[in-house]
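The values are calculated or read from the model by the stated rules, or taken from the named source; none is laboratory data. Because the structure is a prediction, the values reported are computed rather than measured. Ideal geometry is used to build each Cβ from the backbone, glycine not excepted, and the neighbour counts take in all protein chains shown.
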Amino acid sequence: MQRIEIQQIKKIKHLYMYSKETDCVYNRQQHQGVNTPIYTSTANRYIGYEEILYPRNFNTENQLAIVEKLCRLEQAEAGMIFSSGAAAISTVLFSFLKAGDHVLFSQEIYGGTVKLVVEEFAKFNIAYDFVSGAAMENIGAMIRENTRLIYTETPSNPLLSVVDLEQVSRVAKKHGILSVVDNTFATPINQNPIALGIDIVLHSGTKYLGGHHDLCFGVVVTSQQLKDAIYPSALNFGGSLNGLDCYLIERSLKTLALRVEKQNNNALQLAKALQENPAIGRVYYPGLPEHPNHAIAARQMKKGFGGMLSFELKDTSRTAAFLNRLQLIIPALSLGGVDSTICQPATSSHASLSEQERQEQGITEGLLRLSVGIESAGDLLHDIESALA
Ligand SMILES: Cc1ncc(COP(=O)(O)O)c(C=O)c1O
C-alpha cells in the first residue's frame, strides 16, 4: 500500500522542482493530516503484502517520510535513517570493506570516526591512511591497488578546512573507487556533495538536521544501486530508528532551511566582528575571504558557509575564565542546534590526541569552536565581548 503511494507521488517530481525551503516543509506522502501519523507497530500483517513492514527493515512510513525529504534536499535517489551518525558511518564503511582493503581518510574528520578506524579496522585487517589537508590536493598519488574508498568531511572539525569535493570525486571515479562525504557541518541546505559527483553522503542528524539538541540520529543518502548494496549490512547491524523520533525529525526538517539561513548569517557576522577584536587571534571561517580555502567553499557551498566557526584567544591563560563568564553561549560539546554552544577542542573533542598530534593539526590550547545558533547576532557578540572584557 505505502509503496504505491510513494511511487505515485514521485511522478510529481518530474513536473516541477520545488526549492529547498519548500522541500523542507512539503510532505509528499499525502495523508488526511498534514503530518505523517506516528506509526509504532512492530508487528504488521504480511498476508497480501509484498514487503514486510518492520522498523529494522528501514521501511516504516515515518522512516520513509524523512528519507524522501532528505533525498530531495541532497539530490539523492535513495537513503536510510539510522539511530545515530556513528551507526550510519560504521554501516556504510563495513558494508563495502573486506579484509585486505585500504581506505583513504582526510585527516580532519570527526574524532569518533577516527576512533572507529583506529580501534576496529585492525581487527578486520583493513588498512588505512589519513591524508593531511594540503595532501588532499594530491590524493590520487596515495591510491593503492587495494584502495576501495575515499572518505572525507567538509568543512572540517574544528578548523573549518574545506576539501574540494569535485576533485575528490574526479579522482575516485578515475580509479573506480567509492567516495563518501560526511556533510554534517555543511548541511544539505548549503552543500550537495552528490551533485558534485560524490557517491555517498552521511550526516550526524543529531546536529543541524535535528537542530534542537534533543534528537540522536544518522542519515545515509546515495544512488538506488549503492543503497541496495548497503541495505543487507544495515539490516544485519540493526541501527534503525523508531517512529517517535522519526516524527520529531520530520518536524525539525520543516524549519531546516530557515534555521540554517539564520545560522549562516549569524556566523558570518560574528566571524567578521571577531576578526577585528584585539583580544582574538586567528578566526577560522570559510566565509571569510582570508580563509585559505575560501574560493573552493564559495564554489561548492551554494547558500552559505555554515554556522560553525573557530577562533583563538590571544591570551590562552584566560580560556577557562572566558568560558565561565559567557552568559548566553553555552559551553557544551554538541553542535548545530538553535542554541549557540562553544567548546575548547584541546580539552574536549580532541583531548584524546597527544599534545604533539594536536600541534601537528593546528589545534592550540586557546582554540575555541563556536556553533552559532539562531539568537540575535548582536546579543551573541555582546556575550563574547563582555566575557572578554
Ligand atoms: C561531523 C560528525 N560526524 C559524525 C558524528 C557522529 O554522530 P552521532 O553523535 O550522531 O553518532 C559527529 C558527532 O559529533 C560529527 O560531529
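Taking the conditions exactly as written (aliphatic (A, V, I, L, M), touching a Gly at 6+ places or on another chain (Cβ under 6 Å) and not in a loop (DSSP other than H, G, I, E, B)), does Leu274 satisfy them or not? Here the answer is no, as Leu274 does not meet what is asked. Here Ser354 clears all of (1) out of contact with any Leu (no Cβ under 7 Å at 6 or more places or on another chain); (2) surrounded by 15 or more Cβ atoms within 10 Å (Cβ to Cβ) except the condition numbered (2). The set of residues in segment 170-226 being of a type in the set (Ser, Thr, Tyr), outside any helix (DSSP H, G or I) and within 16 Å of the ligand (Cβ to nearest atom) consists of Thr184, Ser204, Thr206, Tyr208. From the list Ala65, Ala99, Ala88, the lone residue that is in a helix (DSSP H, G or I) and either under 17 Å from the mean Cα position of the chain (by Cα) or more than 21 Å from Leu215 (Cα to Cα) (or both) is Ala88.
When Leu209, Leu178, Leu196 are screened for being surrounded by fewer than 24 Cβ atoms within 10 Å (Cβ to Cβ), under 20 Å from Lys302 (Cα atoms) and touching a residue at least 60 places away in the same chain (Cβ under 8 Å), only Leu196 passes.
Being among the polar types (S, T, N, Q) and more than 16 Å from the ligand (Cβ to nearest atom): is that true of Ser371 here?
Criteria not met by Ser371.
Per-residue answers, yes or no, for (1) in contact with a Pro (Cβ under 8 Å, 6 or more places away or on another chain); (2) among the acidic types (Asp, Glu); (3) under 17 Å from Leu159 (Cα atoms):
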residue	(1), (2), (3)
Gln327	no, no, no
Leu335	no, no, yes
Val338	no, no, no
Gly373	no, no, no
Asp383	no, yes, no
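Among the numbered conditions (1) at pLDDT 95 or above; (2) in contact with a Lys or Arg (Cβ under 9 Å, 6 or more places away or on another chain); (3) surrounded by fewer than 16 Cβ atoms within 10 Å (Cβ to Cβ), the only one that Gln327 does not meet is (2). Restricting segment 294-323 to residues that are surrounded by fewer than 18 Cβ atoms within 10 Å (Cβ to Cβ) and of a type in the set (S, T, N, Q), the residue that is farthest from Leu160 (Cα to Cα) is Ser317. Counting the residues of segment 120-163 that are assigned to a loop (DSSP other than H, G, I, E, B) and within 16 Å of the chain's Cα centre (by Cα) gives 10. Scan segment 75-94 residue by residue and report those that are surrounded by fewer than 22 Cβ atoms within 10 Å (Cβ to Cβ), under 19 Å from Glu153 (Cα atoms) and more than 14 Å from the ligand (Cβ to nearest atom). Correct list: Gln75, Phe94.
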